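This report concerns only the one structure given below.
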Amino acid sequence: MTQYLLSVHSVEGKENYASEEDMQAAFKAVDTFNQKLQDQGSWVFAGGLHPADTATVVDNTGGEGLVTDGPFAEAKEQLGGFWVVEAPDLDAALALAQEASAACAGPVEVRAFQGE
(Lines give C-alpha, C1' and ligand atoms only; values in the text may rest on other atoms or scores of the structure.)
Protein backbone atom coordinates (compact mmCIF):
# COMPACT_ATOMS: atom_id res chain seq x y z
CA MET A 1 0.00 0.00 0.00
CA THR A 2 1.18 3.49 -0.80
CA GLN A 3 0.85 6.37 1.62
CA TYR A 4 -0.72 9.57 0.33
CA LEU A 5 -0.93 13.07 1.75
CA LEU A 6 -4.42 14.54 1.41
CA SER A 7 -3.87 18.21 2.15
CA VAL A 8 -6.64 20.71 2.80
CA HIS A 9 -6.04 24.23 1.56
CA SER A 10 -7.55 27.47 2.76
CA VAL A 11 -7.48 30.94 1.29
CA GLU A 12 -6.21 33.79 3.43
CA GLY A 13 -8.97 36.21 4.37
CA LYS A 14 -11.74 33.89 3.16
CA GLU A 15 -13.96 32.32 5.78
CA ASN A 16 -14.12 28.55 5.35
CA TYR A 17 -17.70 28.34 6.65
CA ALA A 18 -20.69 30.64 6.24
CA SER A 19 -21.83 30.12 9.83
CA GLU A 20 -20.99 28.45 13.12
CA GLU A 21 -23.55 25.77 12.25
CA ASP A 22 -21.79 25.06 8.94
CA MET A 23 -18.46 24.78 10.75
CA GLN A 24 -19.87 22.37 13.33
CA ALA A 25 -21.47 20.29 10.56
CA ALA A 26 -18.09 20.07 8.79
CA PHE A 27 -16.35 19.05 12.03
CA LYS A 28 -18.92 16.28 12.50
CA ALA A 29 -18.52 15.15 8.88
CA VAL A 30 -14.72 15.07 9.27
CA ASP A 31 -15.07 13.01 12.46
CA THR A 32 -17.27 10.55 10.56
CA PHE A 33 -14.78 10.40 7.67
CA ASN A 34 -11.88 9.89 10.10
CA GLN A 35 -13.72 6.98 11.73
CA LYS A 36 -14.36 5.43 8.30
CA LEU A 37 -10.65 5.69 7.46
CA GLN A 38 -9.77 4.00 10.74
CA ASP A 39 -12.39 1.26 10.32
CA GLN A 40 -11.19 0.36 6.82
CA GLY A 41 -7.50 0.44 7.75
CA SER A 42 -6.57 3.47 5.61
CA TRP A 43 -5.88 5.82 8.53
CA VAL A 44 -2.27 6.72 9.27
CA PHE A 45 -2.45 10.23 10.74
CA ALA A 46 -4.38 13.48 10.39
CA GLY A 47 -4.50 16.95 11.84
CA GLY A 48 -5.80 20.45 11.48
CA LEU A 49 -3.40 23.38 11.66
CA HIS A 50 -3.58 26.81 13.26
CA PRO A 51 -3.65 29.71 10.76
CA ALA A 52 -0.53 30.29 8.67
CA ASP A 53 0.20 33.60 10.37
CA THR A 54 1.02 31.66 13.55
CA ALA A 55 3.84 29.75 11.81
CA THR A 56 7.55 30.17 12.49
CA VAL A 57 10.20 29.35 9.89
CA VAL A 58 13.63 28.01 10.90
CA ASP A 59 16.41 28.16 8.30
CA ASN A 60 19.78 26.72 9.28
CA THR A 61 21.04 26.14 5.75
CA GLY A 62 23.73 28.81 6.08
CA GLY A 63 25.22 27.51 9.31
CA GLU A 64 23.47 30.05 11.52
CA GLY A 65 19.89 29.41 12.51
CA LEU A 66 17.57 32.13 11.24
CA VAL A 67 14.13 32.20 12.84
CA THR A 68 11.36 34.32 11.28
CA ASP A 69 7.69 34.73 12.09
CA GLY A 70 5.01 33.91 9.58
CA PRO A 71 4.55 31.23 6.94
CA PHE A 72 7.37 30.10 4.66
CA ALA A 73 5.38 30.73 1.48
CA GLU A 74 4.06 34.21 0.86
CA ALA A 75 0.83 33.17 -0.76
CA LYS A 76 -2.89 33.60 -0.28
CA GLU A 77 -3.43 29.83 -0.24
CA GLN A 78 -2.04 27.95 2.75
CA LEU A 79 -2.18 24.46 4.19
CA GLY A 80 -5.01 24.22 6.71
CA GLY A 81 -4.93 20.53 7.61
CA PHE A 82 -4.14 17.10 6.26
CA TRP A 83 -4.61 13.37 6.31
CA VAL A 84 -1.95 10.73 5.71
CA VAL A 85 -3.71 7.65 4.37
CA GLU A 86 -2.79 4.30 2.92
CA ALA A 87 -4.42 3.33 -0.36
CA PRO A 88 -3.71 0.60 -2.92
CA ASP A 89 -3.38 3.08 -5.80
CA LEU A 90 -3.94 6.67 -6.90
CA ASP A 91 -7.56 6.03 -7.91
CA ALA A 92 -8.38 4.82 -4.40
CA ALA A 93 -6.57 7.83 -2.90
CA LEU A 94 -8.54 10.17 -5.19
CA ALA A 95 -11.79 8.53 -4.06
CA LEU A 96 -10.81 9.17 -0.43
CA ALA A 97 -9.94 12.77 -1.32
CA GLN A 98 -13.43 13.23 -2.82
CA GLU A 99 -14.92 12.21 0.52
CA ALA A 100 -12.42 14.33 2.45
CA SER A 101 -13.22 17.40 0.39
CA ALA A 102 -16.95 16.96 0.92
CA ALA A 103 -16.44 16.41 4.66
CA CYS A 104 -14.22 19.44 5.31
CA ALA A 105 -15.92 21.66 2.72
CA GLY A 106 -12.63 22.58 1.05
CA PRO A 107 -10.30 21.57 -1.75
CA VAL A 108 -7.99 18.62 -1.10
CA GLU A 109 -4.68 18.00 -2.88
CA VAL A 110 -3.45 14.39 -3.25
CA ARG A 111 0.28 13.52 -3.32
CA ALA A 112 2.01 10.19 -2.91
CA PHE A 113 4.95 9.83 -0.56
CA GLN A 114 8.24 8.95 -2.22
CA GLY A 115 9.25 5.30 -2.13
CA GLU A 116 12.19 4.16 -0.10
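The values are calculated or read from the model by the stated rules, or taken from the named source; none is laboratory data. These numbers come from a predicted model, not from an experiment. When we count neighbours, we look across all protein chains shown, and the Cβ atoms used for this are built from the backbone with ideal geometry, even at glycine.
So for the range 3-10 (the condition being free of Cβ contacts under 8 Å to residues at least 24 places away in the same chain and of a type outside the set (Val, Ile, Thr)), does at least one residue qualify?
So far as the range 3-10 goes, no, none of its residues is free of Cβ contacts under 8 Å to residues at least 24 places away in the same chain and of a type outside the set (Val, Ile, Thr).
Which members of the range 1-27 meet the condition of being surrounded by fewer than 11 Cβ atoms within 10 Å (Cβ to Cβ) and either at pLDDT 95 or above or hydroxyl-bearing (Ser, Thr, Tyr) (or both)?
Ser19
In this structure, is Gly63 in contact with a helix residue (DSSP H, G or I) (Cβ under 7 Å, 6 or more places away or on another chain), on the phi > 0 side of the Ramachandran plot, at pLDDT below 90 and of a type outside the set (A, V, I, L, M)?
So Gly63 fails the test.
Keeping to the range 11-24, report how many residues are touching a residue at least 60 places away in the same chain (Cβ under 8 Å) and in a loop (DSSP other than H, G, I, E, B).
4
Quick check on my filter: what residues within the range 79-102 are among the aliphatic types (A, V, I, L, M), within 14 Å of Ser7 (Cβ to Cβ) and in contact with a Ser or Thr (Cβ under 9 Å, 6 or more places away or on another chain)?
Across the range 79-102, the qualifying residues are Leu79, Val85, Ala93, Leu96.
Residue check, Ala112 against (1) surrounded by 14 or more Cβ atoms within 10 Å (Cβ to Cβ); (2) in contact (Cβ under 8 Å) with a residue 60 or more places away in the chain; (3) hydrophobic (A, V, I, L, M, F, W, C), all met but one. Which one?
Of (1) surrounded by 14 or more Cβ atoms within 10 Å (Cβ to Cβ); (2) in contact (Cβ under 8 Å) with a residue 60 or more places away in the chain; (3) hydrophobic (A, V, I, L, M, F, W, C), only one is false for Ala112: (1).
Tell me which of these Val85 doesn't satisfy, since it passes every other one: (1) in contact with a helix residue (DSSP H, G or I) (Cβ under 6 Å, 6 or more places away or on another chain); (2) farther than 18 Å from Gln38 by Cα.
(2)
Six or more apart or on different chains, Cβ atoms under 6 Å: show the pairs whose first residue is in the range 63-81 and more than 16 Å from Gly106 (Cβ to Cβ) and whose second is in a loop (DSSP other than H, G, I, E, B) and small (Gly, Ala, Ser).
Pro71/Ala55
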